[in-house]
Structure formats: C-alpha cells, structure tokens
Amino acid sequence: MTSVIASGRAAASDGGGVSAYSLANPLRVDLQSLESKQDPFAFFAGLRDAGPVIPLKMPFVGRVWATTTYDATSAMLKDNRLFVQEGRHAGKSGVAGLSWWMPHAIKVLSNNMLLKDEPDHRRLRRLVDQAFQRRLVRGMRGEIEALADQILDETEGRHEIDLVSAYARRFPLEVICWLLGLPEENRGKFAEWANHMTSALRGFAALRIVFTMPGVVKYVREQIEKCRKNPREGLISELVQAEEDGDKLSEDELLSMVFLLLFAGFETTTHFITDSVMALEQNPEQKAFLFDNFHARMERATEELGRYTTPVQSTKPRYVAENCEFFGQKLQRGENIVGFLAAANYDPAAFDEPGKLKLDRLPNPHLVFGTGIHFCLGMQLARVEVQSALSRLYARYPNLEIPAPDELQWIKRFGLRGVSALAVRPHGGEMCRAA
C-alpha cells in the first residue's frame, strides 16, 4: 500500500544492494492516522513494502529506524548486545525515548528493569520473578473473575454503556491494585492517577502529570514503608521481602517496580479487552465458535485475539550499540530503533492470511508480548485478565451489540491501537424492542 508513504519514494540503493535510506531524510508517514487504526493490516503492509528496516520520524521520540517484518523485529528484540536500552552502552546518555523536558520524577520512575541492560536487568528480573512465583496467576482466576462480576453488577439494567470506562479500564486496575495489596479505600484515587499517567503523552496533558506525580510517589513510598513494618498480602510486601544471595531491591528500585507493575500493563490490558470485543463482534462466526466451547478454546483464542488486534503496536526505542548492517540497512552507533510489533504480527511471511481472525490458529508465534530477555513480565496476568473479562462479560450479556461500529473513537496516538470510548448495548436490540 504505497499511499501510506507520503513521499512515494522507492527504496534507494547505494549500488551494493544496501538501502540508502537515512535518518536525515526519513520517510513521511502519518503514524497517528485514522487509517492506521481502522485498517492496520494495509497500513503496515505499506510500511513493509518500503523495506524491513526503514527511517521514520515518531512523535516525541524523533527520528528512528523501524523494523517492519517478522524476522527483522524478532531479531532486533532478541539481540540485546547490538540493540540496548541504556544510552551509556551506545555512546549516549539517558534512556531512549525519554525527552530532556520530561519531569525528573518520571525519569526516576522510568529507571526500571524494562529499560536496563544486562547484568542489571537479570538481577532485577530475578528478584521480581521470585515475588511473582509466590502468587501463581493461574491459581487466581477465581478471584479475578469475581472482580469482573462485581464491576459488571453495576452495569445491570442499563440500555447502553461505555465499555471502556464502565468495565475495560476499571477491571485491570482493580486486579493490579488487589494483586499489589493496596487498600480498597484508595482505589478510586488510583483510578484518577492512572488516567493522568496514561494521558501523559497527549499534548498538554504532560504538564498535568508534573503536579500529579509528587502525590503518587509519596503514597507509594508510604505503602512500601507500611509493608516493610507490617507485611501483608500482596506483591508490594513480597517485593520488599524478595532477596537472593543477600541482594535486595533498593528503595528507588522498589518504587520504580511498583509503578511498573501498576501502570505498565494497565492501559494495554484495557485496549486488549476492548479490541477483543470489537474483533469478536466484527467476526460473529468466530465469536460463535469460541463460545460454543469457551473453556476448551479460550487459550488459543486469546493468543489469536492478541495477534489480530495487537494493542501495543510498537516497542519502546532502543539504541544501536555499534555500527552495523542489519537486514540490508546500515545503522550507526547511538541511533534509535523500534520494532513494529503490529507489522510483524501481520506479516504474511510468518502468518497465513494474517488479516483474518482465526481463533484456532496454530502455530501462532506472535510478538504481542515481545520476545528476548525483555518479554512482558505480566503476560500471564494479561492472558488471564482478558480471558476472565470476556468470559464474564459474555456470560452475562451474550447478545451484546456495538450499535455504531463505524463511529469508533480511535485514540490518536501511535504505539497503541484502541478506542477512548466504546458504546455497547448489553442486551443488543432486545430492550429497545421491548420498549
């Protein structure tokens, strides 16, 4: 789909078969276009047509290289020697993707294991995995489904609801607050904070977080201290107690880890749930197939819903650690590179008919949760959350209907594919006809 690339340029060559694209003259592509949300399959096919590694200009991040094929994206994510998180390993300072104007508190909180290279990443991951292993996510399905039912109780009797605000946003926030062991009386405040955090990159909303952050940091520090003095149920206490070979998380590491667990998967799971509902409603035969035997089919179906919708379209930027040639493209030390997960998940070289939802797809080597050492820490939790959210929603409202499927309010931000609101009729047209 060449119309995606506004410049219309074909890949140049330096005569040796290597693309002559450069960051100085990136391809002109509207990465936040409505087209990229409505038909991501065609949009990312257009990017793949330009080459496996192409130069683009991304909002807030600036000029980056981007991988557009499954093989290139997978290779980039797995090579933690050539593509690094920390600027000091590539002749730079700071962390890729964090602008100089970001508030200091955000930079401190962003200094978590996702943005660390080895051996620091391995050390932090080991301590966090130790805490997670004490709370097997699969064994929590009953409690997680109960939380979903409690939220759905509040939607009873309504002719129409906004699925995002009434369910898909509240549900993962309730789950993570419960998992962390945060007091119930504070969760309303956390919902407000979470909305501020997830809107931090939307225009002038970034200014609001400057005033929000001190209160959030103070509260989390208080919770950590309370758990240190009087351990209680939840991951905060388990992170405080986690220790291996005499090594423990420092105060700042604890703070950034709690923030990572609280906010990293919150918005993405929200969109995973709503995107899955939209995909099922747009593919009624697949929806019927799934709910004909949900418990037997839900795990494979969740993987395909993730691949088909790919709520997280792009990785965070990494640095190129040394001059190299990567998939026919010359990269220079210190340059930024991102992996387009959506482009990889829609690559026909890796998936048969990628534009079709096939809930029994097997094999399904998608990159929804990434790959390599930085694969998603919360992927098992996200899977159980999505399965529980869909199971309880459709058990209560089997005739759920999206009354205006052509009027979706897509979020105008690259990196995520989701809607800001989704009006649904829980009982389809039944209540309307009865009225």
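Couple of notes before you dig in:
- Each label point was placed 7 Å from the Cα along the Cα-to-Cβ direction; for Asp129 and Cys324 their separation is 2.3 nm.
- Of all aspartates and glutamates in the structure, those lying under 17 Å Cα to Cα from Lys226, and not within fewer than 8 positions of it along the same chain, are Glu184, Glu185, Glu238, Glu251, Asp252, Glu253.
- Sorted on the mean count of surrounding Cβ atoms within 10 Å across their residues, most packed first, peptides 325-338, 59-72 read 59-72, 325-338.
- Estimated distance in nm for a label pair at Glu225 and Ala146, the labels positioned 7 Å out from Cα along Cα-to-Cβ: 3.2 nm
- Pairs exceeding a 26 Å alpha-carbon distance, out of Lys57/Lys116; Lys116/Lys356; Lys116/Lys412; Lys92/Lys412; Lys229/Lys316: Lys116/Lys356; Lys116/Lys412; Lys92/Lys412; Lys229/Lys316.
- Our estimate of slack between Glu285 and Lys412, defined as 0.36 nm per intervening residue step minus the Cα-Cα distance, is 42.7 nm.
- Rough spin-label spacing in nm, given labels placed 7 Å along Cα→Cβ, for Arg28 and Asn186: 5.0 nm
- Aspartates and glutamates with Cα under 13 Å of Lys189, excluding same-chain neighbours fewer than 8 positions away: Glu174
- Sorting the segments 382-392, 73-83 by their residues' average number of neighbouring beta-carbon atoms within 10 angstrom, most packed first, yields 382-392, 73-83.
- Applying the Karplus relation 6.51 cos²θ - 1.76 cosθ + 1.60 with θ = phi - 60° to region 334-343 yields 3J(HN,Hα) values of x, 6, 9, 9, 10, x, 7, 4, 5, 4 Hz, where x marks Gly and Pro.
- Residues Ile402, Ile54, sorted so that the one with the fewest Cβ neighbours within 10 Å comes first: Ile402, Ile54
- Nonlocal amide H pairs with Val419, under 5 Å, H built at 1.01 Å: Ile411
- 5 angstrom amide H check on Glu86, placed H, neighbours 5+ away: Asp117
- Whole-angstrom gap from region 158-179 to region 216-289, using each part's C-alpha centre: 16 Å
Read-outs throughout are calculated quantities, based only on the coordinates presented, and are distinct from any laboratory measurement. These figures come from a predicted structure and were not determined experimentally. Because the Cβ atoms are built from the backbone with ideal geometry, glycine has one as well, and the counts that use them run over all protein chains shown.
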